[in-house]
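First up is the structure itself, then whatever we jot down about it.
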2 protein chains.
Amino acid sequence: MNVAIIAAGGKGSRMGGEVSKQFLLLNDIPVIIHTLRRFEQATSISDVVVVAPSDEISTFLDLASRFSVRKLSNVVAGGGSRMESVWKGIQSIRRPAVNVVAIHDAVRPLVTSEAIDRTVAAADKSGAAILAIRAVDSIKKVVDLEIQSTLRRSEIWHAQTPQCFHMDILKRAYANAVENKLSPTDDSELVENIGVKVSVVEGDNKNIKITLPEDIALAEIILTTEES
Amino acid sequence: MNVAIIAAGGKGSRMGGEVSKQFLLLNDIPVIIHTLRRFEQATSISDVVVVAPSDEISTFLDLASRFSVRKLSNVVAGGGSRMESVWKGIQSIRRPAVNVVAIHDAVRPLVTSEAIDRTVAAADKSGAAILAIRAVDSIKKVVDLEIQSTLRRSEIWHAQTPQCFHMDILKRAYANAVENKLSPTDDSELVENIGVKVSVVEGDNKNIKITLPEDIALAEIILTTEES
């Protein structure tokens with residue numbers, strides 16, 4: 001069986017408000033509920049663990065009840081950083097025989113269940129796989145505001161989530177990260193750091209992260225095009 | 001004096017229609033007209049050259065007249081590739097004493113005149129400068145669908161336009177590119193290739209490129225937030 005960990009961050013200062021990004025409304029439904037529904041629809045996922053700041057757990061549980069979330073096995077209080085929070089989520093998984101763990105940002109509500117299933121399947125096979133998209137812009141390596149080189153665009157990808165790993169690989173990666181006090185840009189980097197090869201599964205640019213106020217409006221547009 | 005070259009591409013197959021992206025309407029005004037207005041407002045720019053596919057020049061001239069475009073010195077028929085088109089634009093500049101040439105995508109209508117002026121000023125000083133934004137995603141180097149490394153995010157930037165260069169540098173870069181049949185991802189790369197250091201000027205993520213149908217809706221949202 002495979003488990004998803006949904007990482008819900010704290011209050012987003014970049015949103016200019018006091019409401020955590022995962023609770024913002026997207027077509028009248030909170031972002032995190034959209035996200036959970038996508039995981040409900042993903043047949044590869046049996047259980048879902050939500051990691052949220054401790055002062056937001058009651059709000060989340062109210063929403064989960066109001067919107068009849070079905071696939072939710074545990075809600076865990078997060079730590080001081082995203083890495084700590086995910087680590088708490090991993091440690092909360094008590095079921096034996098967990099195969100793949102899929103880690104996903106609560107604020108990526110538009111991931112498709114098909115993309116989740118494909119990424120889990122790839123990790124099941126290879127041990128580690130993440131959803132990602134190819135770069136479309138020209139990408140530069142810059143130091144002190146001066147371009148050092150133009151990177152070979154065909155080799156550059158943007159990581160998204162879910163990022164999926166065999167449970168034993170993930171535990172080794174996090175143990176190593178905690179021991180060496182690493183601050184990664186994503187979970188994949190922790191796994192790369194222990195020498196495990198991570199494969200990419202091609203996603204699409206609709207799987208956006210809700211980071212800025214205008215992202216909600218963009219997400220609503222994407223939802224409209226999805227339905228048509 | 002400084003000149004802008006606005007590169008208008010051909011029919012965008014990714015848009016699913018027959019209308020070239022630069023003619024799509026954004027709040028009832030064609031994208032390229034928005035772009036030209038931003039350059040009209042930029043005090044650093046004296047002249048504007050538009051390079052467009054030959055079969056779209058009459059449409060463009062009608063629009064330029066209808067929307068009373070003021071700053072437009074020349075309209076040039078483009079070539080088979082973006083690089084060829086820009087090269088034709090460069091060669092069409094007959095005025096002596098041109099200092100900086102600012103090359104800009106017609107389909108980036110939301111660039112601010114302030115960002116144009118800042119980039120031109122930086123190029124005036126250093127010889128070569130482009131507008132760019134810092135990467136926010138985790139960026140991976142990927143070969144054969146396998147992650148090779150996570151790039152140091154603080155060093156990764158996305159190139160935008162305008163890309164601004166001293167006229168003599170730009171001519172040398174293009175002459176070299178034509179001679180060596182280079183196919184660059186942007187104009188900056190051609191300049192980098194002749195060993196000239198290019199600096200980056202930090203822009204913002206509102207300066208989007210209209211590439212997909214949903215980009216028009218996103219651009220309208222950005223325009224709304226700009227006005228408020």
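Of note:
- Extreme residue, farthest from B:Leu145 (Cα to Cα), among residues of region A:125-148 that are more than 7 Å from every other protein chain (Cβ to nearest Cβ) and either more than 26 Å from the chain's Cα centre (by Cα) or not in a strand (DSSP E or B) (or both): A:Asp144
- Any hit, region A:125-147, residues being within 25 Å of A:Ala4 (Cβ to Cβ) and touching a Leu at 6+ places or on another chain (Cβ under 6 Å): no
- Qualifying residue in region B:211-224 (condition: facing chain A (nearest Cβ under 8 Å), touching a strand residue (DSSP E or B) at 6+ places or on another chain (Cβ under 7 Å) and open to solvent by less than 30 Å² (accessible area, probe 1.4 Å)): no
- Some residue of region B:49-70 being of a type in the set (S, T, N, Q) and in contact (Cβ under 8 Å) with a residue 40 or more places away in the chain: no
- Residues located in region A:75-113, provided they are without any contact (Cβ under 8 Å) to a residue 40 or more places away in the chain and open to solvent by 50 Å² or more (accessible area, probe 1.4 Å): A:Gly80, A:Glu84, A:Lys88, A:Gln91, A:Arg94, A:Pro96
- Sole exception among (1) at positive phi; (2) open to solvent by less than 60 Å² (accessible area, probe 1.4 Å) for A:Asn27, by number: (2)
- Screening the candidates A:Ser54, A:Ser20, A:Ser68 for the property of being crowded, with 19+ Cβ neighbours inside 10 Å and either modelled with pLDDT of 95 or more or over 14 Å from the mean Cα position of the chain (by Cα) (or both) yields one hit, A:Ser20.
- Failed condition for B:Ile103, given (1) more than 14 Å from every other protein chain (Cβ to nearest Cβ); (2) over 30 Å from A:Val200 (Cβ atoms): (1)
- The set of residues in region A:161-176 that are aliphatic (A, V, I, L, M), surrounded by fewer than 22 Cβ atoms within 10 Å (Cβ to Cβ) and under 19 Å from the mean Cα position of the chain (by Cα) comprises A:Met167, A:Ile169.
- Residues within region A:139-172 that are farther than 27 Å from A:Glu40 by Cα and modelled with pLDDT of 95 or more, tallied: 17
- When residues of region A:46-76 are limited to those that are of a type in the set (Lys, Arg) and not in a helix (DSSP H, G or I), the one nearest to A:Trp87 (Cα to Cα): A:Lys71
- Scan region A:155-179 for residues that are more than 9 Å from chain B (Cβ to nearest Cβ) and touching a residue at least 12 places away in the same chain (Cβ under 8 Å) and the total you get is 16.
- A:Glu114 being in a helix (DSSP H, G or I) and at pLDDT below 95: no
- Residue ID - farthest from the other protein chains (Cβ to nearest Cβ), chosen from residues in region A:193-204 that are within 17 Å of the chain's Cα centre (by Cα) and surrounded by 15 or more Cβ atoms within 10 Å (Cβ to Cβ): A:Gly203
- Being surrounded by 14 or more Cβ atoms within 10 Å (Cβ to Cβ) and within 12 Å of chain A (Cβ to nearest Cβ) is a description that applies to B:Asp187.
- For beta carbons closer than 6 Å, sequence separation of 6+ or different chains, a first residue in region B:126-152 that is surrounded by 18 or more Cβ atoms within 10 Å (Cβ to Cβ) and a second that is of a type in the set (Phe, Trp, Tyr), the qualifying pairs are B:Ala128/B:Phe165; B:Ala132/B:Trp157; B:Lys140/A:Trp157; B:Val142/A:Trp157.
- Region B:149-190 - residue that is of a type in the set (S, T, N, Q) and in a helix (DSSP H, G or I) and, of those, nearest to A:Ile139 (Cα to Cα): B:Ser188
The values are calculated or read from the model by the stated rules, or taken from the named source; none is laboratory data. Please read these numbers as outputs of a predicted model, since none were measured by experiment. Cβ: placed from backbone, ideal geometry, glycine included. Neighbour counts: every protein chain shown. Calculation scope for accessible area: heavy atoms of the full protein, side chains included, ligands and nucleic acids excluded. Shrake-Rupley method; radii C 1.70, N 1.55, O 1.52, S 1.80 Å.
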